[in-house]
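Asks: Quick one: this structure, given as structure tokens, is what I'll be asking you about.
The values are calculated or read from the model by the stated rules, or taken from the named source; none is laboratory data. Just so we're clear, the structure is a prediction, and the values are computed from it rather than from any experiment. Here the Cβ is made from the backbone with ideal geometry for all residues, glycine too, and neighbour counts use every protein chain on show. Ligands, DNA and RNA are excluded from the accessible area calculation, which covers all protein heavy atoms including side chains. Shrake-Rupley method; radii C 1.70, N 1.55, O 1.52, S 1.80 Å.
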Amino acid sequence: MDHLEERLAAAYTTSQNSQQLCAQYHKEAKQILLECKEHGNKLAQAETSLHALQVSFIDQLEVLAAIFTNVHRKFTSLEQTLTIHTSHQKKIYANLADTFRKLKKQQIDPGLNVAQEASLFHFVDADAVSALQRELESVLGHLSQKKNSAQLAVGELQGRLDNVKQMVSLLLKDKCFLNGILQWAQSHSEAEDSEEDSLSSRFVEYHFHLMDADLSAITSILVAVSSLADRIAAAKTRFLRSGEEELVDFQLQTMENQVEQVPESVAKACDCLHRIKTVFQTLTKQSSLSNAPFLRCAQIKRRLEELVYSIESTNNKLLAFERSFQEYQPNVEFYCTELENLGLWYELYNVGYHELLFEIQRRRDEGDRHKRLIKVIEKELDRLQREENQKRQQFIEEHGRYLPSSMFPAMGEASVQYSLSADINPTALPTLSKRYQRDSFTDVENQLRSSSTQ
């Protein structure tokens, strides 16, 4: 009887310990499964969430890129117009410098009684030209400052936009958190069964199924061990109460055979728990890998916010450039027109000086011709008067003396003495130092004509 009691005690102890161990496995497996659900759900949603973020980033980039294109086009238009004005300014300055060089080189003829060894530049209002140039340079300098400020802002904006584009591009290419999932998909044909769910969802669902199967196995083992432990406890209680040794011995033999199989069942439960832990580690690892692209997404969000602010800042600087341009463009056009007119004026002044030399010579030549003609006329008038007087005297001698004087009182009157006289006393023409020939000025004249037509 003592032997039977010892057998009962041994079977009871083994079943109770196995039950406690299985219960511990079951509790731990359930706890792991609960934690794993959180990681698994996160991982299952990661691919879809990441894709949604990528689409959102691409849409935002398209809008921001379109805004940047408009900003850049507007800046380029203003910059080109300013460049045209600057080029125009340089051309005007070059023409003025060339004209002034010619004026400085051209000495005024000493016969014109100007300052000794004076050039045509002596009569140029250089202060007025310099004042206009300073005003033009001041306005263009102000516009250049606004342009440089806007240009730096546009360049910085483009750099930020390119940086975000590169980050999004790397995000689209970065599938490192899916590497383990892709490897799993290549070795599991069931991963291709559903095309509606994402690959990560199928990956999580598959491992959840494995864990649920192992948990169910642990639960079944726990139920079986618990049932065995309860039956052994009941047999022990009946034995202690009734002392029915033969019946208890028969039942105990059956239960001892089952108790012998308990360690194997407990080992299976342990294996199931180990597999659950392995799956948990796999899902945890994959879940942690999914954090990296989301951290990059957070960086992209911050960069997009900075990009929006940069667009606003750039647009403000561009508007300041545009307002300044609208305000000062009339001034630029005015100063350019004034300087162009001055340049043309001094070119005509140079031409006029050379024409003046020829005009002085022409007037002197014409005056000499007039004098020669007057001498000829006066000589002819004297001859005509003498002839007229002779004819009148001949008439009187032949006929007039027989006529009464009252008939023609002016019969003995002499002919009129005509003479030429100037209506004014002209100013004496200057005496030029030499005789100028127009042929010697042909090249200069052609140059002036060609420069005025440019």
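Asks: Looking at LEU432, LEU420, which is the one that is in contact with a helix residue (DSSP H, G or I) (Cβ under 6 Å, 6 or more places away or on another chain), in a loop (DSSP other than H, G, I, E, B), under 25 Å from GLY111 (Cα atoms) and at pLDDT below 95?
Replies: Unique residue meeting the criteria: LEU432.
Asks: Among the listed residues GLN19, GLN31, which satisfies the condition of being open to solvent by 50 Å² or more (accessible area, probe 1.4 Å) and among the polar types (S, T, N, Q)?
Replies: Only one candidate qualifies: GLN31.
Asks: Take the stretch 271-290 and flag every residue that is farther than 30 Å from LEU222 by Cα and in contact (Cβ under 8 Å) with a residue 12 or more places away in the chain.
Replies: Selection gives GLN286, SER287, LEU289, SER290.
Asks: Out of the stretch 132-167, which residues are farther than 30 Å from HIS72 by Cβ and either open to solvent by less than 40 Å² (accessible area, probe 1.4 Å) or touching a residue at least 24 places away in the same chain (Cβ under 8 Å) (or both)?
Replies: LEU132, GLN133, GLU135
Asks: Among the listed residues PHE177, PHE121, identify the single one that is under 18 Å from LEU339 (Cβ atoms), part of a helix (DSSP H, G or I), among the hydrophobic types (A, V, I, L, M, F, W, C) and modelled with pLDDT under 95.
Replies: Exactly one of PHE177, PHE121 is under 18 Å from LEU339 (Cβ atoms), part of a helix (DSSP H, G or I), among the hydrophobic types (A, V, I, L, M, F, W, C) and modelled with pLDDT under 95, namely PHE121.
Asks: If you don't mind, there's one more thing I want to ask. Might you let me know whether the stretch 103-118 holds any residue that is assigned to a helix (DSSP H, G or I), open to solvent by less than 40 Å² (accessible area, probe 1.4 Å) and in contact with a strand residue (DSSP E or B) (Cβ under 9 Å, 6 or more places away or on another chain)?
Replies: Yes, the conditions are met somewhere in the stretch 103-118.
Asks: Continuing with the same structure: Could you say which residue among ALA52, ALA94 is modelled with pLDDT of 95 or more, open to solvent by 40 Å² or more (accessible area, probe 1.4 Å) and among the aliphatic types (A, V, I, L, M)?
Replies: ALA94
Asks: Checking LYS74 against (1) modelled with pLDDT under 85; (2) surrounded by 14 or more Cβ atoms within 10 Å (Cβ to Cβ); (3) not hydroxyl-bearing (Ser, Thr, Tyr): exactly one of these is not met. Which one?
Replies: (1) is the only condition that LYS74 fails.
Asks: Restricting attention to the stretch 225-246, report how many residues are open to solvent by less than 70 Å² (accessible area, probe 1.4 Å), more than 17 Å from LYS27 (Cβ to Cβ) and modelled with pLDDT of 80 or more.
Replies: Qualifying residue count, the stretch 225-246: 1.
Asks: Just one of (1) closer than 30 Å to GLN158 by Cβ; (2) open to solvent by 40 Å² or more (accessible area, probe 1.4 Å) trips up TRP345, so point out which.
Replies: Only one criterion in (1) closer than 30 Å to GLN158 by Cβ; (2) open to solvent by 40 Å² or more (accessible area, probe 1.4 Å) is unmet by TRP345, namely (1).
Asks: Sticking with this structure for a sec: Among the residues of the stretch 320-342, count how many are surrounded by 14 or more Cβ atoms within 10 Å (Cβ to Cβ) and closer than 14 Å to SER138 by Cα.
Replies: Result for the stretch 320-342: 9.
Asks: Do we find that PHE68 is touching a helix residue (DSSP H, G or I) at 6+ places or on another chain (Cβ under 8 Å) and open to solvent by 30 Å² or more (accessible area, probe 1.4 Å) in this structure?
Replies: Taking the combined requirement at face value, the residue does not satisfy it.
Asks: On the given criteria, is LYS317 among the charged types (D, E, K, R) and surrounded by 15 or more Cβ atoms within 10 Å (Cβ to Cβ)?
Replies: Yes; evaluated as a whole, the condition is true for this residue.
Asks: Would you be able to say whether some residue in the stretch 122-130 is open to solvent by 40 Å² or more (accessible area, probe 1.4 Å), more than 47 Å from the chain's Cα centre (by Cα) and either farther than 21 Å from ILE360 by Cα or not aromatic (Phe, Trp, Tyr) (or both)?
Replies: Checked against the condition, which is being open to solvent by 40 Å² or more (accessible area, probe 1.4 Å), more than 47 Å from the chain's Cα centre (by Cα) and either farther than 21 Å from ILE360 by Cα or not aromatic (Phe, Trp, Tyr) (or both), the stretch 122-130 yields at least one hit.
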